[in-house]
1. For the stretch 258-308, would you read off the P(r) tail past 18 Å as a percentage of all alpha carbon pairs?
2. If I take the Cα coordinates of the stretch 249-336 and project them onto the principal axes, what are the three extents in Å, biggest first?
3. Identify all lysines with a Cα-Cα distance to K181 below 17 Å; exclude those on the same chain that are fewer than 8 residues away in sequence.
4. For helix 253-264, report the angle its Cα long axis makes with the longest principal axis of the Cα atoms of the chain; keep it between 0 and 90° and round to the nearest 10°.
5. Let me know the Rg and Dmax you get for the stretch 229-300 when you use only its Cα atoms, in Å.
6. Where does helix 299-327 land angle-wise versus the long Cα axis of the chain, in degrees 0 to 90, nearest 10?
7. Take every DSSP beta bridge with both residues inside the chain and express the antiparallel ones as a percent of the total, to the nearest 5.
8. Would you work out the relative contact order for the chain, in percent, from Cα pairs under 8 angstrom that are 6 or more residues apart?
Amino acid sequence: MKRVLTGDRPTGNLHIGHYFGSLKKRVEIQNSGEYEQYILIADVQALTDNFNHPEKVRKNVREVAIDYLSVGIDPKKTTIYIQSMIPEVAELTVFYSNLVTIARLERNPTVKTEILQKKDIFGESVTYGFLGYPVSQAADITAFEGEIIPVGEDQLPLIEQCREIVRKFNSIYGNVLTEPKALLSEKKRIKGLDGNDKMGKSLGNAIYLRDSEEAILKKVMSAVTDPNRIRKDDLGNPDVCMVYYYHQLFDTREEYQNVCSECRLGKRGCVACKKELAQHINRELAPIRERRKYYEEHPEEVDKILIEGTSRAREVARETMVKVKKAMQLDYFGKE
Ligand code: SF4
């Protein structure tokens with residue numbers, strides 16, 4: 001079975017952008033029976049831009065694990081593990097750092113964009129750790145001989161960077177590492193309720209998987225609608241309305257086509273339309289909320305899942321490390 005590697009930085013709860021962008025796909029991959037899936041909770045990577053807030057990262061490790069379990073990630077089929085508990089990844093990062101130039105990292109479009117976005121953290125001078133996170137990511141992928149990496153378009157340069165590292169390593173030390181392939185996710189990034197292209201906590205425009213029914217209704221009521229529509233019988237344009245945008249995500253085809261035609265004909269009020277949307281979001285999130293409640297009440301089960309997943313993952317990383325050290329002539333005295 002091909003290995004699929006994916007993961008998230010534990011810097012906050014996961015929202016519906018993650019749900020449509022990656023979580024649903026992971027459940028699909030898991031249940032296809034065609035892949036062996038590993039999901040890493042990238043706490044070390046989260047520290048690259050949260051090094052002064054370790055408590056935030058620590059707290060969110062369990063939160064993100066609960067988000068995974070809530071959406072249907074099954075720990076019997078998918079291995080969930082904590083990055084910092086796999087020391088082989090840190091070792092590989094050191095070895096790979098010789099195979100990448102500073103200039104190449106600075107040219108990486110994903111890193112360049114992120115550095116600009118994080119000016120408030122780094123100012124004019126980015127840290128060595130943040131600049132080098134693609135190298136650590138290459139270590140994550142190759143430690144598990146990850147063949148398929150599901151990513152959004154904006155992440156493609158990171159996979160390309162990893163592939164370059166693999167090719168360089170193999171050309172110097174022999175054919176040891178597996179070159180991964182990106183699997184482009186079909187869904188694009190989900191816009192925020194305010195119409196912003198990005199959804200996030202700092203922007204205050206996200207719906208979280210853990211939000212209560214009341215919180216969702218409140219957020220939906222604040223969503224941006226067609227600004228030219230004042231009265232209920234004004235003819236509307238759903239194409240400029242975020243409520244309609246979300247109806248298309250959470251409704252059946254018949255439901256959202258109905259929203260569209262009623263809006264265009266002026267037969268639908270925005271308040272009722274928003275309430276209906278909130279109901280449909282809650283319909284989708286109800287089973288997720290129920291599973292979350294179970295795991296929140298059983299934190300010891302979550303810890304057990306993380307301990308067992310991390311231990312399984314470590315075994316795989318150890319096997320890779322034996323091969324890597326042998327190839328690099330670092331297997332002194334027959335030891336890895
Ligand atoms: Fe948007 Fe619905 Fe109002 Fe039309 S009726 S503008 S789709 S909220």
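1. Values: 711 of 1275 pairs.
Cα-Cα pairs in the stretch 258-308 separated by more than 18 Å: 56 percent.
2. Largest to smallest, the principal-axis extents are 80, 34, 18 Å.
3. The qualifying lysines are K2, K25, K168.
4. The angle comes out at about 50 degrees.
5. 15.8, 55
6. 40 degrees
7. Of those bridges, close to 5 percent are antiparallel.
8. In percent, rounded to a whole number, it is 22.
The values are calculated or read from the model by the stated rules, or taken from the named source; none is laboratory data. Values in this document were obtained by computation on a predicted structure and should not be read as measured data. Backbone-built Cβ (ideal geometry, glycine too); neighbour counts: all protein chains shown. Only protein heavy atoms, including side chains, enter the accessible area calculation; ligands, DNA and RNA are left aside. Shrake-Rupley method; radii C 1.70, N 1.55, O 1.52, S 1.80 Å.
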